[in-house]
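Some notes on the structure that comes next.
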């Protein structure tokens, strides 16, 4: 069953709330990263353990911002689908995506069956390095 007007408005509002929260989180993380120098993280005394920890903290901060930016982009794409009337329709099979899935994953582009197939097809897992 396609999304009705009330459900679309509800989900559009949830998208806006999530997008606003993510934007605030990204601003906080970027500001904190600017204020927190590598030297402060690593410590005044050169120690390889402290240096490794500082690298890890910096990498985690970057990964968090990247993850949040990816989600913002997905939410922007969902807003565009709302505008063009394709929100809640699976991009692969054209079936209606259940409203429960849309509530759980606001930017969902696929029904559960197609998402499962997509993940199996495009999974990026551990690969042997030898």
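Sort the following peptides by mean Cβ neighbour count (other Cβ atoms within 10 Å, averaged over residues), highest first: 83-94, 98-109. Provide the component values of the computation, followed by the final result.
Details: 83-94: 14.8, 98-109: 16.5.
Output ranking for 83-94, 98-109: 98-109, 83-94.
Rounded to the nearest 0.05, the FRET efficiency derived from the C-beta distance between residue 10 and residue 64 at R0 = 25 Å is 0.35. With the simple model of a label 7 Å out from the Cα in the direction of the Cβ, residue 95 to residue 120 spans 1.4 nm. Sorting 1-8, 16-23 by average packing, meaning the other beta carbons within 10 Å per residue, from highest down gives 16-23, 1-8.
Bear in mind that the values in this text are calculations on the coordinates, not laboratory data. None of the values given here were measured: they were computed from a predicted structure. Ideal geometry is used to build each Cβ from the backbone, glycine not excepted, and the neighbour counts take in all protein chains shown.
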